[in-house]
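Structure first, then comments.
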Amino acid sequence: MPRIEALDVAKRFGRITALDTTSLTIEDREYVAVLGPSGCGKTTLIKLLSGIWQPSEGRILVDGRDVTALPVEDRDLGYVFQNIVLFPHMDVWTNATYGPWVHARHKEDVDHVGTEVLDLVDMLGERGLFPSELSTGSQQKVALARALANRAKLLILDEPLSGLDARVRLDLRYALRRVVKDLGLTAIHVTHDQEEAMSVADRVVVMRKGRIIESGPPETLYDRPKGVFTANFIGESNFLEGAVRRIRADWAFVEFRSGYILRVPAKGLLEGDPVVVAARPEWIALTKEGFGNVIPGRVEGRVFLGATQRLQVRLFTSDLVSVDVPASQSLNTARDVLVSFHEANILVYPRPYEGLQEALKLE
Ligand SMILES: Nc1ncnc2c1ncn2[C@@H]1O[C@H](COP(=O)(O)OP(=O)(O)O)[C@@H](O)[C@H]1O
Ligand SMILES: [Mg+2]
């Protein structure tokens, strides 16, 4: 049962640092998503974890055993890539059972494993078809079945759904998570899609510029991200820059441009601190009351989202914010409104020394 540890691993190519010194532990049977913008070092990290590449520094442990020098073929893992790599001249069955067949397992064994893995991904009925006769989604299911047929306990998935249509991607997310949980596997799933990461994984590891910046369960990363990058990269956030004017008991009063003030939890804040206040579109609302945590503004635009509509409101602080309101609420644009902030949800961060825009940049 694999528990994977990366201890201070780094990968450098001459002057290029693909992955800066990083430590990460993945527990047995944990489904971890590695999430970050393109080029941030996700593939590098899993190539080191899987042994495809040797780290420039640091060690990899599996169940406490140092496997840093162990080549990939001697490690017990299944790998699924973004680019589907099936043998075109073999049918679904032969592709799926290739691993056990190469290892010269008994025929009954091969039959048993093939039936099981194709059943898991719902492809038993297509066992006689060739890859060219399958949709890309079905081909990726077969690739997954083939990875599972090796009986590996560690499944590594590098952008496995990126090449697929939106609808198929959704279906396969559920299939992936179900298979991993049913078989009690440990899975590391790399993606640049934040929704995909949050919907498949027990824990999401957020990367940026060759580093892990934070990790946690999807709910925690959404509700209480530790930094502005995560607050922006996962879901959508509105950011307002201001400074703490006063602290009174448990509350801090943050002043924004044009003198508007919001009351936020004071935890960890000092008078005079430059801060960034973050609020998700569903944490703010339109109100009729002119008191409380309210900043006036004017509706500039609207996007229909199905159950809700997302309004673009230009606050009188000059910040543009997104506010979710029920789809049924009728509103004319170019209308003056009062925007109220739920103080229980509001997130407050120290203003990044490099500036907010720089701190939010993907690379
Ligand atoms: N073989 C290599 N030689 C030089 N630079 C590389 C090599 N592989 C990756 N890199 C660089 O390392 C960084 C991280 O790459 P990668 O891990 O593939 O990112 P991701 O998978 O997050 O898109 C990128 O800037 C990439 O250009
Ligand atoms: Mg990659």
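The values are calculated or read from the model by the stated rules, or taken from the named source; none is laboratory data. The shown structure was predicted, so the numbers you read here are calculated from the model rather than taken from an experiment. Counting neighbours? That spans all protein chains shown, and the Cβs are built from the backbone with ideal geometry, glycine included.
So the values come out like this:
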| read-out | value |
| --- | --- |
| Pairs with Cβ under 9 Å, 6+ apart, first in segment 107-133 and closer than 24 Å to TYR174 by Cα and assigned by TED's automatic domain parsing to the domain that holds TYR174, second aromatic (Phe, Trp, Tyr) and loosely packed, with under 14 Cβ neighbours inside 10 Å | PRO131/PHE87 |
| Pairs with Cβ under 9 Å, 6+ apart, first in segment 70-86 and over 14 Å from ILE52 (Cβ atoms), second surrounded by 14 or more Cβ atoms within 10 Å (Cβ to Cβ) and among the basic types (Lys, Arg) | ASP76/ARG151; ASP76/LYS153; LEU86/ARG146 |
| Candidate set: segment 320-341, residues that are in contact with a strand residue (DSSP E or B) (Cβ under 7 Å, 6 or more places away or on another chain) and not in a strand (DSSP E or B); chosen: the one nearest to THR230 (Cα to Cα) | ALA327 |
| Residues (more than 21 Å from the chain's Cα centre (by Cα), away from ligand 2 (no atom under 16 Å from the Cβ), surrounded by 14 or more Cβ atoms within 10 Å (Cβ to Cβ) and of a type in the set (D, E, K, R)) located in segment 10-30 | ARG12 |
| Which numbered condition PHE316 misses (of (1) surrounded by 19 or more Cβ atoms within 10 Å (Cβ to Cβ); (2) under 27 Å from ARG246 (Cα atoms)) | (1) |
| Top-ranked residue of segment 154-174 - restricted to ones that are away from ligand 2 (no atom under 16 Å from the Cβ) and surrounded by fewer than 17 Cβ atoms within 10 Å (Cβ to Cβ), ranked as farthest from ILE52 (Cα to Cα) | ARG167 |
| Helices (runs of 4 or more DSSP H) (entirely within segment 177-259) containing at least 2 residues that are touching a helix residue (DSSP H, G or I) at 6+ places or on another chain (Cβ under 8 Å) and within 16 Å of ligand 2 (Cβ to nearest atom) | 194-200 |
| Filter result (in contact with a Gly (Cβ under 8 Å, 6 or more places away or on another chain) and part of a helix (DSSP H, G or I)) within segment 95-121 | ALA96, PRO100 |
| In segment 122-155, the residues that are part of a loop (DSSP other than H, G, I, E, B) and not hydrophobic (A, V, I, L, M, F, W, C) | ASP122, ARG127, GLY128, SER135, ASN150, ARG151, LYS153 |
| So LYS141, is it buried (at least 16 other Cβ atoms within 10 Å of the Cβ) and either out of contact with any Ser or Thr (no Cβ under 8 Å at 6 or more places or on another chain) or without any contact (Cβ under 8 Å) to a residue 24 or more places away in the chain (or both) | yes |
| So ARG298, is it out of contact with any helix residue (DSSP H, G or I) (no Cβ under 8 Å at 6 or more places or on another chain), part of a strand (DSSP E or B) and charged (D, E, K, R) | yes |
